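Nothing in this text is a laboratory measurement; each read-out follows from the coordinates by a stated rule. Because the structure is predicted, anything quoted here is derived from the model rather than measured. Backbone-built Cβ (ideal geometry, glycine too); neighbour counts: all protein chains shown.
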């Protein structure tokens, strides 16, 4: 972005050196720390003034759109608004990813191992022609 806008090429590490919240910028002088904090405060204040930048505002607007679309019988638009709201709630538009646990993948040694925990959905149901999953047919 800097190269396209200003013709300057600079590494990410060099930029991090001017961020006092980053370990690389921990040695910044008070002059640069103060400038950083003032700039960040101004940016956050200005962003808060833009309603669409606020998640709650976006959800309220999507709620109104979905309700109005449904009143008009435009169910496709109502569903789109609902899907958009679900994405907002699921943080689909952020770069935040939460890892909730490890995934274990196992390979059964045999069909008997694979079906060892099988519980029929209906009483009297079986796996096939007979109840032996290893049987050759």
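Does anything in segment 3-18 have its amide N under 19 Å from the 7 Å Cα→Cβ label point of residue 38, and if so which residues?
18
Provide the FRET efficiency to the nearest 0.05 for the residue 8-residue 86 pair, computing r from the beta carbons and using R0 = 41 Å.
Working: r = 41 Å, r/R0 = 0.99.
Taking R0 as 41 Å, the efficiency between residue 8 and residue 86 is 0.50.
Any chance you could run the full-extension gain for residue 16 through residue 30? It's 0.36 nm times the residue separation minus the Cα-Cα distance, nm to one decimal.
On the way: separation 14, 0.36 × 14 = 5.04 nm, distance 1.62 nm.
Separation in residues times 0.36 nm, less the Cα-Cα distance, equals 3.4 nm.
Please report the base-10 log of the normalised intensity I(q)/I(0) for segment 1-49, using a Debye sum with one equal scatterer per alpha carbon and no solvent, at each q in 0.16, 0.26, 0.27 (1/Å).
With no solvent term, the Cα-only Debye profile gives -0.58, -0.95, -0.95.
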